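Enquirer: Take this structure, written in structure tokens, and hold onto it; I'll ask about it next.
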Amino acid sequence: MSGEASAPPVASPRAPRPGIQKSSGAVTRKGDRGAKEKPTTVLPPVGEEEPKNPEEYQCTGVLEVDFAELCTRSGYTDFPKVVTRPRPHPTFVPSASTSEKPTVDEQPLSGSCSFNSLESKYVFFRPTIQVELEPEDKSVKEIYIRGWKVEERILGIFSKCLPSLSQLQAINFWKVGLTDKTLTTFITLLPLCSSTLRKVSLEGNPLPEQSYHKLMAVDSTIAHLSLRNNNIDDHGAQLLGQALSTLHSCNRTLVSLNLGFNHIGDEGAGYIADGLRLNRSLLWLSLAHNRIQDKGALKLAEVLRPFELTHTEVVERRRLLLEKGSQERLRSVRSARSLRPEPLEPLPRHGDSKTEREKNQLMRVSSFAMVEKDKMQTTKTPKGLGKKKEKSGEVVKKEEKSGSGQSPTQGTPKKEDSTKTGKGKVTIPEQKLSKGKGTKTVSKEKRSILLESEVVGEATEMVNPLLEPVEHRDGKVFMPGNRVLLHLNLLRNRITEVGLEAFLTAVQYQAQFSESKSASRGPVGLLRLSLAKNCFSPQCPAYTTIQELMLPRDPVSKAKHKEEAAVASST
């Protein structure tokens, strides 16, 4: 009986009844599971790790450590190593310290030399992430990836470890098997990186959809873009030209664009030229080793000298002029109102003269208290006393908020504020606009105003080209050509003397224009024009004339000439 009583009940093969659950061969009730079925902690075997969540890892800013840890957490067993980019060895100079002891290379070779060489070659060709470091703090400055496929998961790891690199300036991908999908992922990664990232090189990555223009969006921060050897044809050039500029949008951050070693023909060169019509930020353009002939050369040369506006461009120019005129009139009206003398106290309204006088007195007291609190040496009349069309309650509230760090965007800074500024720490918004020599701490309001002034300065320099001075001839509107582009590389194309004559006309115009505007600041036009290795003789008159005109403008040739002159004078 005792054996039967102690025998455990046998579970039936049917499904367990409600309230009974099956666990590890024993049947228990729900209420007893917490006491009888408490799971025991099982330690992982030696050499194995529990799976970790990559999102929980906090990057340290050391790419070698962060990338390895994130790859391990993502399940990678074999992943590329982060190594310093090899530099060419300097010229060997024998010295006493190096000649005393034989180096490893000078020692006798052992019998395992062949094995070591094979292993070194294997290690050399293994995928790596090469980095270039800053000499001061050894932070990552540039990243180079060559010859191995960068997948979506690797880009996801980059999106976690690259934002912590505060000094990252360039990313170079050469033959990494990018697709249109991974390129889109890479573009979404770029805004996460440091603001110092300005250069992107995607060479040897042909894409079926040729969506490279997404790197040149209006909100892009890339300044230097290299797209060499990507099989870009006329369709891809059309997308890139539209990214440079259209009638209503323009890229204002890209400074250099390398489109060498592609398949761009005359039609594609025409699209690039259309993008240069209204673009005033690109300084360096390379179309070397393409398929451009005379038709495309004529289009490119036309943009470098005065060209005729199309009908749509003329309509847009008139609209911009009307908008600019209305803004100037509004600005003049506001300035006239600000200069109009106003009484110190607003005129009392009907039935409220006593309350208005009391509120004005309160405002004077509050302003005096603020000045005393901030330890200012001079007093200032509150701004709210001179404002009109303000409700009585709102005037007091605005005066109370004026000392709480509110951004002074409603009022314009006046010149007399700088004379009333003390040398101590300033807190009144009107005085934050002044530039006291003794002020060392910069407040948030002052920083925001400085940033706005910088933006305004850039905006004034980057005026819409349609608002530039134009010339009217025979009922047509001609605007000055693109004189911002400084370097144009057309090496090894298919340009003949016909296209060469067009470039000669453009160079002559720009040379004449720069001479007449030499004293004034502004765009100066082309400084370098590379046309060698095309379908014309180097001794043809047009080419020699272009060389003569560009030689005194070329800064590289100027530097060489100075060096030669210095060497000649020293000898």
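The values are calculated or read from the model by the stated rules, or taken from the named source; none is laboratory data. It should be emphasised that the depicted structure is a prediction, and the values quoted were computed from it without experimental measurement. In this analysis, Cβ positions are derived from the backbone assuming ideal geometry, glycine residues included, and neighbour counts consider all displayed protein chains. Remember, those area values only see protein heavy atoms, side chains included, never the ligands or the DNA or RNA. Shrake-Rupley method; radii C 1.70, N 1.55, O 1.52, S 1.80 Å.
Enquirer: Select from region 177-188 the residues that are under 24 Å from Leu282 (Cα atoms) and in contact with a Leu (Cβ under 7 Å, 6 or more places away or on another chain) and write down the one among them that is surrounded by the fewest Cβ atoms within 10 Å (Cβ to Cβ).
Expert: Step one: of region 177-188, the residues under 24 Å from Leu282 (Cα atoms) are 183-184, 186-188.
Next, from what is left, pick out any that are in contact with a Leu (Cβ under 7 Å, 6 or more places away or on another chain): 183, 186-187.
Numbers: Leu183: 20, Phe186: 22, Ile187: 16.
Only one residue fits best here, namely Ile187.
Enquirer: Check whether at least one residue in region 557-571 is surrounded by 13 or more Cβ atoms within 10 Å (Cβ to Cβ) and touching a residue at least 40 places away in the same chain (Cβ under 8 Å), and report yes or no.
Expert: Kept after step one, since they are surrounded by 13 or more Cβ atoms within 10 Å (Cβ to Cβ), are these residues of region 557-571: 557-558, 561.
If we keep only those that are touching a residue at least 40 places away in the same chain (Cβ under 8 Å) too, we end up with none.
No, that holds for no residue.
Table: residues versus (1) closer than 25 Å to Asp234 by Cβ; (2) open to solvent by 40 Å² or more (accessible area, probe 1.4 Å); (3) within 29 Å of the chain's Cα centre (by Cα).
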position	(1), (2), (3)
Asn262	yes, no, yes
Gly265	yes, no, no
Asp274	yes, yes, yes
Ala301	yes, no, no
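Enquirer: Okay, moving on. Output the residues belonging to region 276-294 that are closer than 22 Å to Pro206 by Cβ and within 19 Å of the chain's Cα centre (by Cα). Working first, answer last.
Expert: Here is the first cut: in region 276-294, the ones closer than 22 Å to Pro206 by Cβ are 285-292.
Result: Leu285, single match.
Enquirer: For region 239-290, name all the residues that are under 19 Å from Arg305 (Cβ atoms) and part of a loop (DSSP other than H, G, I, E, B).
Expert: Answer for region 239-290, where residues must be under 19 Å from Arg305 (Cβ atoms) and part of a loop (DSSP other than H, G, I, E, B): Leu278, Asn279, Arg280, Leu282, Leu283, Leu287.
Enquirer: Another one. Which ones in region 302-319 are touching a residue at least 40 places away in the same chain (Cβ under 8 Å) and either over 20 Å from Arg483 (Cβ atoms) or touching a Ser or Thr at 6+ places or on another chain (Cβ under 7 Å) (or both)? So that I can check it myself, show each step before the final result.
Expert: Taking region 302-319 and keeping what is touching a residue at least 40 places away in the same chain (Cβ under 8 Å), we get 302-309, 312-314, 316-317.
Answer for region 302-319, where residues must be touching a residue at least 40 places away in the same chain (Cβ under 8 Å) and either over 20 Å from Arg483 (Cβ atoms) or touching a Ser or Thr at 6+ places or on another chain (Cβ under 7 Å) (or both): Arg305, Thr312, Val314, Glu316.
Enquirer: Which of (1) at pLDDT 95 or above; (2) within 21 Å of Lys295 (Cα to Cα) does Thr544 not meet, given it meets every other one?
Expert: (2)
Enquirer: Return yes or no: is Ile187 of a type in the set (Val, Ile, Thr), at pLDDT 95 or above and closer than 23 Å to Leu488 by Cα?
Expert: No; evaluated as a whole, the condition is false for this residue.
Enquirer: Is region 154-169 home to any residue that is in contact (Cβ under 8 Å) with a residue 12 or more places away in the chain, in contact with a Gly (Cβ under 6 Å, 6 or more places away or on another chain), among the hydroxyl-bearing types (Ser, Thr, Tyr) and over 22 Å from Ser256 (Cβ atoms)?
Expert: Among the residues of region 154-169, at least one is in contact (Cβ under 8 Å) with a residue 12 or more places away in the chain, in contact with a Gly (Cβ under 6 Å, 6 or more places away or on another chain), among the hydroxyl-bearing types (Ser, Thr, Tyr) and over 22 Å from Ser256 (Cβ atoms), which makes the answer yes.
Enquirer: Sticking with this one: Would you confirm, using the coordinates I've provided, whether Asn231 is in contact (Cβ under 8 Å) with a residue 12 or more places away in the chain, part of a loop (DSSP other than H, G, I, E, B) and touching a His at 6+ places or on another chain (Cβ under 7 Å)? Step through it out loud before you land on a result.
Expert: Details: in contact (Cβ under 8 Å) with a residue 12 or more places away in the chain: yes; part of a loop (DSSP other than H, G, I, E, B): yes; touching a His at 6+ places or on another chain (Cβ under 7 Å): yes.
Criteria met by Asn231.
Enquirer: Looking at region 513-523, can you tell me whether even one residue there is at pLDDT 95 or above, buried (at least 17 other Cβ atoms within 10 Å of the Cβ) and either farther than 22 Å from Arg228 by Cβ or out of contact with any Pro (no Cβ under 9 Å at 6 or more places or on another chain) (or both)? Steps first, answer last, please.
Expert: Taking region 513-523 first, the residues at pLDDT 95 or above are none.
The answer is no; no qualifying residue exists.
Enquirer: Same structure again: Filter region 121-146 for residues that are closer than 20 Å to Lys199 by Cα and out of contact with any strand residue (DSSP E or B) (no Cβ under 7 Å at 6 or more places or on another chain); which is surrounded by the fewest Cβ atoms within 10 Å (Cβ to Cβ)?
Expert: Pro135
Enquirer: While we're here: Filter region 187-215 for residues that are in a helix (DSSP H, G or I) and more than 23 Å from Ser245 (Cα to Cα) and give the result. Please lay out each step first, then the result.
Expert: We begin by selecting, within region 187-215, every residue in a helix (DSSP H, G or I); these are 187-192, 211-215.
Residues satisfying the conditions are Leu189, Leu192.
Enquirer: Of all residues in region 196-214 being in contact with a Phe, Trp or Tyr (Cβ under 9 Å, 6 or more places away or on another chain) and hydrophobic (A, V, I, L, M, F, W, C), which is surrounded by the fewest Cβ atoms within 10 Å (Cβ to Cβ)? Can you show your working first?
Expert: Quick first cut of region 196-214, residues in contact with a Phe, Trp or Tyr (Cβ under 9 Å, 6 or more places away or on another chain) only: 200-205.
Next, only the ones that are hydrophobic (A, V, I, L, M, F, W, C) stay: 200, 202.
Numbers: Val200: 21, Leu202: 23.
So, considering only residues that are in contact with a Phe, Trp or Tyr (Cβ under 9 Å, 6 or more places away or on another chain) and hydrophobic (A, V, I, L, M, F, W, C), the one surrounded by the fewest Cβ atoms within 10 Å (Cβ to Cβ) is Val200.
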